[in-house]
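Asker: Sharing a structure below in structure tokens format, with a few things to ask.
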Amino acid sequence: MATATAETILSQLATIINEVVGAETSTISPESSFSDDLGVDSLSMVEIIYAAEDSFGITIPEEESKNLRTVGNAVAHIERALADA
């Protein structure tokens, strides 16, 4: 998975978000706010993080997960984690 592009990460993450909160994948963009645009509450965010960790084979430390406010933040974090792997 180390060759994943931002586009493929976004697509995979959008699928995870859709599965957790039912947001349409076509409406999810890097600018989408998890809470304001997608209706993700704290419990759903934990589910998304666990699913992303499992899907991408990475770890998102709790202190860093608090900074993931937009889908773009999450994509950037996943990109960095994969690059460091």
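Asker: For residues in the range 1-17 being in contact (Cβ under 8 Å) with a residue 40 or more places away in the chain and of a type in the set (Gly, Ala, Ser), which is surrounded by the most Cβ atoms within 10 Å (Cβ to Cβ)?
Answerer: The qualifying residue surrounded by the most Cβ atoms within 10 Å (Cβ to Cβ) is ALA14.
Asker: Now for a separate question. Would you mention how many residues in the range 25-56 are closer than 21 Å to ALA6 by Cα, touching a strand residue (DSSP E or B) at 6+ places or on another chain (Cβ under 9 Å) and not polar (S, T, N, Q)?
Answerer: So the answer is 4.
Asker: Moving on. Looking at the range 35-44, which of its residues are out of contact with any Ser or Thr (no Cβ under 7 Å at 6 or more places or on another chain) and either under 15 Å from GLY72 (Cβ atoms) or touching a residue at least 60 places away in the same chain (Cβ under 8 Å) (or both)?
Answerer: SER35, ASP36, ASP37, VAL40
Asker: Just one of VAL71, VAL46 is modelled with pLDDT of 95 or more and more than 10 Å from the chain's Cα centre (by Cα); which is it?
Answerer: Going through VAL71, VAL46 in turn, just one is modelled with pLDDT of 95 or more and more than 10 Å from the chain's Cα centre (by Cα): VAL46.
Asker: Mind checking which pairs have a first residue in the range 66-85 that is without any contact (Cβ under 8 Å) to a residue 12 or more places away in the chain and a second that is surrounded by fewer than 20 Cβ atoms within 10 Å (Cβ to Cβ) and β-branched (Val, Ile, Thr), Cβ under 9 Å, 6 or more apart or different chains?
Answerer: ASP84/ILE58
The values are calculated or read from the model by the stated rules, or taken from the named source; none is laboratory data. These figures come from a predicted structure and were not determined experimentally. Note: ideal-geometry Cβ built from the backbone for every residue, glycine included; neighbour counts use all protein chains shown.
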